[in-house]
Amino acid sequence: MSLASWFRWNEAPNRISQRNPTEMVVETLMMELSWQIKQAEKQQRERENEYRKIKTGVDYGWLVSYPKQSYDISPGERLQLEDMCTKIHPSYCGPVILRFRQLIAEYEPEVQEVSRLFRSVLQEAVEKIKEEEDAKKLAKQWNTKNKTSLSLTTFKSRSKISPFISDIKTISEDVERGTQPTRRVWSMPEFRNAKDY
C-alpha cells in the first residue's frame, strides 16, 4: 500500500466551487448585509460611548465588554431578503454593493434601519433590471419587425421587369418593326413633317 493514496497527492486540484451563480450572489449580498450590520453596531456603540463621556466626563469604556453581535434580523426577513437577492443578476452584484455602501455612508443608519436600507437598494436594482429587460424586448421586437419589412422590400425588388414583354407601345418599337406608327395619345403634341400632310 503506497502512502501517496493516503495523502491524495496524485489527484487533480479542486476547482472553484461548482455552485450556481445565483447562490453566489445571494451569499455575497447577505455577507455584505451582515458586515454592514456589524459596522452599524460598532458605530452605534462608539456614539453611545462618546455621549457617556460628554455626559459624565469619565471614560469607562475599558470596563465594558460588548457582545460580538447583539442584533440580528428575523428569519422571515432574512428569507425575504434572500429571495430578493435571487432576482439580482450576477453582473449587478457589484453595483448593488457599491450603492448599498454609498447609502450607508450617506445616511449612517441605526442598526435596525440597515436591513430596510438594503431592501430598498435591492428593490431599486430589481426595477432597473426589469426596465432594461423590457427595453431589450422592445428593441428585439423592433428589430424583428424591421427585418420582416426589409425582407418584403427585398422580395419586391427581386421581381424582374422584362422590357420586351411590355404591352406599352413605344415609337422606337414601331421604327424597329418598320410599321407605320399609330396616332399618339400621349400628353405631348405630335410633330409631323410637312411631307406627311
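The values are calculated or read from the model by the stated rules, or taken from the named source; none is laboratory data. In this text the structure is predicted, and so the values were computed from the model without any measurement. When we count neighbours, we look across all protein chains shown, and the Cβ atoms used for this are built from the backbone with ideal geometry, even at glycine.
Yes or no, residue by residue, for (1) of a type in the set (S, T, N, Q); (2) surrounded by 12 or more Cβ atoms within 10 Å (Cβ to Cβ):
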position: Glu32; (1), (2): no, yes
position: Gln43; (1), (2): yes, yes
position: Tyr71; (1), (2): no, yes
position: Glu77; (1), (2): no, yes
position: Pro95; (1), (2): no, yes
position: Gln102; (1), (2): yes, no
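On the given criteria, is Ile88 over 20 Å from the mean Cα position of the chain (by Cα), in contact (Cβ under 8 Å) with a residue 24 or more places away in the chain and part of a loop (DSSP other than H, G, I, E, B)?
no
When only residues in segment 45-61 that are assigned to a helix (DSSP H, G or I) and surrounded by 14 or more Cβ atoms within 10 Å (Cβ to Cβ) count, which is modelled with the highest pLDDT?
So the residue we want is Arg45.
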